[in-house]
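These notes are about the structure you will find just below.
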Amino acid sequence: MAKATRESFGEALVRVGEDERIWALDGDLMKSTYTHLFREKHPDRFVECGIAEKNMIGVAAGLALAGKIPFAASFACFIANRVEVIRMSVGYTDANARLCGTHAGIGIGDDGASQMGLEDVAGMRALPNMAVLQPCDDRETQQAVEYLVDHRGPAYLRLTRQKLDDVNGDAYRFEFGKAVQLREGNDVCLIGTGATVHEALRAADELDAEGISARVLNVHTIKPIDADGIKAAAADCRRIVTVEDHNVAGGLGSAVAEVIAQSNGARVTILGVRDYGQSGSAEELYDAYGISGRHVAEAARRAVSGSP
Amino acid sequence: MSQLANDLDRDTLIKELTEEARQLRIEDIKMLVAAGSGHPGGTLSAAEMIAALYLSKLRLKPDEPGWPDRDRFILSKGHCVPIVYAALARIGTIPKEWLGTLRKFDSPLQGHPDRQRCPGIEANTGSLGQGLSIAVGLAVAARHDQAPWRVYCMMGDGETQSGQIWEAAMLAGRLGVSNLVGILDNNQVQQSLPVKEILDIDPVAQKYRDFNWHVREIDGHDVGQCVDALDEAETVTDRPTLILSHTIKGKGVSWMELSADWHGKAPSEEEGRVALDELEGKISAEESRKRFEALQKEGT
């Protein structure tokens, strides 16, 4: 059943919240981030910080230094873009805090540019000890939250406003740092994360009908990235297309290109947002900004045919 | 060496803490001279309060810095950490020999607090305006756990201009975390100019009161007032306490006092000798100033 990963996160947080170490922090967006579910169940471990995200991040760091496992949630653009506070009070301090950015990317649609988290992965990825996770469906999100309870060190969890179809089956087990191969193929490898995993799958269907065999990788852990899985894709497929609902600079595509640049190489095409976004439906925007399945398929065709 | 005995009569305690503050200033100047850089003004202004905290008020096990029930001290004005290092060496949490390595490559004594490198440091600070938020988080956790430990956070008047301080102050007041004590080292001068000329924070006491804090104003160079204010904070049960500590930047070295020039510049060896002579009572403030001015003439 299609579900927004922010909702899956909220449900999982209530469940892991049975553990007394777990806290939730909100910046007046609890109904949007679904942390209101935690508040209803565990009110004594919920801190409402108001519209003051820098302080919320610092309070989370303080809770972590006292041995708690705080999940501080807001929109990706409002929490992760407080990079300097995260760098000092969470990253450099090595506070065991989890920062959860919902409403990732242009996929939020109508609200437009001011609410779109489009640079958050770049900022979080640059912090040496920060893990960066972006699950692609309900099951993966639930398991990622469960994983984060005992993860050691700061972590950033990126979540969607829009609903995402189920990709992973009953047997799925989330493995931190390990990309999931969703389709086999050796002509080209399509790499997505979060919402864009679904675009990569759509493209693979299109390409399959044309006789192009596309491998699809779901990179739910953007940092530390699965270098082995990406190098294997490069060796087997020689062409890689990455697609992300994030700026083309510093996100999934950059992370993949960094791995490839230090390997035997492959052609890498990076699809992502090059702008601040605007209002519209998620589908319209994905197509207009070049990250829908159609664009992924076209990039793959060009890569396979060797055209620039 | 450990903290001062807790059964001292008040007069003896005050006398000893006053002397401890003087010794901290002396160590501070020695460290900065050896380092060749650092922040004398804001370290010297905090000496009495740091002495009152580390030598008396804070519940610490000096040889067990990770003791779970220890009081937490967060230095939000992170650039003033040398005087804290001096206190940590004084109580034996770190070896005294470390003090000579301040700001050197691979030293545990980084230019700003680093909890991974230096025992006794609770949070990494130095990007101003962030410490109080961390202190609020600690206080919230301790209250929830009904833990015995308390949280102290020293801030500067310059960093009080930062919005995050007020975000944290508003939340702490709203939550009524009475196990939290903010200490504002109101030394009147920031990096470039007097605080009043950069962006006046007054009436800062009223601002904290409006945010539901208990506020106690003191002369921060009177150790007795520091001790009394810290004691009083423990009697407040429904809100956090702010100790508004009126101090003088560069206190104790006459030619550094209230001078923005000595915010972030270490004294040279010659200047350091003059400063130490004054702090050690070998020369008067007047003589100190004369010798300092003579050095400046020589230098030009």
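The values are calculated or read from the model by the stated rules, or taken from the named source; none is laboratory data. Note that the structure is a prediction, hence the values are computed from the model and not measured. Heads up, the Cβs are rebuilt from the backbone with ideal geometry, glycines too, and the neighbour counts pull from every protein chain shown.
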> Can you tell which of B:P108, B:P113 is away from every other protein chain (no Cβ under 13 Å) and either over 23 Å from A:A52 (Cα atoms) or at pLDDT 95 or above (or both)?
Replying inline: B:P108
> For A:S114, which of the numbered conditions (1) out of contact with any strand residue (DSSP E or B) (no Cβ under 7 Å at 6 or more places or on another chain); (2) buried (at least 24 other Cβ atoms within 10 Å of the Cβ) fails to hold?
Replying inline: (2)
> Taking region A:26-41 as the region of interest, how many residues are within 14 Å of another protein chain (Cβ to nearest Cβ) and either touching a helix residue (DSSP H, G or I) at 6+ places or on another chain (Cβ under 6 Å) or buried (at least 18 other Cβ atoms within 10 Å of the Cβ) (or both)?
Replying inline: 2
>> So, B:D7, is that one of a type outside the set (A, V, I, L, M), without any contact (Cβ under 8 Å) to a residue 12 or more places away in the chain and outside any helix (DSSP H, G or I) or not?
In response: yes
> Which number in (1) within 12 Å of chain A (Cβ to nearest Cβ); (2) in contact with a Phe, Trp or Tyr (Cβ under 6 Å, 6 or more places away or on another chain) marks the one condition that B:K61 misses?
Replying inline: (1)
>> Just the residues that are surrounded by fewer than 21 Cβ atoms within 10 Å (Cβ to Cβ) and closer than 10 Å to B:L32 by Cβ, please, taken from region B:256-278.
In response: B:K265, B:G272
> Here are some residues: B:A135, B:A168, B:A123. Which one is more than 15 Å from A:T93 (Cβ to Cβ), within 8 Å of chain A (Cβ to nearest Cβ) and of a type outside the set (D, E, K, R)?
Replying inline: B:A168
> Which one of these does A:W23 not meet: (1) more than 23 Å from A:I108 (Cβ to Cβ); (2) more than 12 Å from every other protein chain (Cβ to nearest Cβ); (3) within 22 Å of the chain's Cα centre (by Cα); (4) not small (G, A, S)?
Replying inline: (2)
>> Residues that are of a type in the set (A, V, I, L, M), at pLDDT 95 or above and under 13 Å from the mean Cα position of the chain (by Cα), at least 1 per element: which strands (runs of 3 or more DSSP E) completely within region A:183-231 meet that?
In response: A:188-192, A:221-223
> Of the residues that make up region B:242-251, is at least one of a type in the set (K, R) and in contact (Cβ under 8 Å) with a residue 24 or more places away in the chain?
Replying inline: yes
> If you take the residues of region B:138-160 that are at the interface with chain A (Cβ under 7 Å from one of its Cβ atoms) and without any contact (Cβ under 8 Å) to a residue 12 or more places away in the chain, which of them is nearest to B:E97 (Cα to Cα)?
Replying inline: B:A141
>> Cβ contacts < 9 Å: first residue at positive phi, restricted to region B:54-83; second residue surrounded by fewer than 24 Cβ atoms within 10 Å (Cβ to Cβ), any location; separation 6+ or different chain. Result?
In response: none
> What helices (runs of 4 or more DSSP H), lying completely within region A:248-308, carry at least 1 residues that are acidic (D, E) and over 21 Å from the mean Cα position of the chain (by Cα)?
Replying inline: A:293-305
>> Checking A:V149 against (1) surrounded by fewer than 22 Cβ atoms within 10 Å (Cβ to Cβ); (2) among the β-branched types (V, I, T); (3) within 14 Å of chain B (Cβ to nearest Cβ), only one condition comes out false. Which one?
In response: (3)
> So, in region B:178-193, of the ones that are within 19 Å of B:K57 (Cα to Cα) and more than 18 Å from the chain's Cα centre (by Cα), which residue ends up farthest from the other protein chains (Cβ to nearest Cβ)?
Replying inline: B:S178
> Which condition number in (1) at pLDDT 95 or above; (2) exposed (fewer than 15 other Cβ atoms within 10 Å of the Cβ) is the one that A:S292 fails?
Replying inline: (2)
> Among helices (runs of 4 or more DSSP H) lying entirely in region A:49-139, which contain 3 or more residues that are closer than 27 Å to A:R21 by Cβ, more than 14 Å from chain B (Cβ to nearest Cβ) and touching a residue at least 24 places away in the same chain (Cβ under 8 Å)?
Replying inline: A:120-125
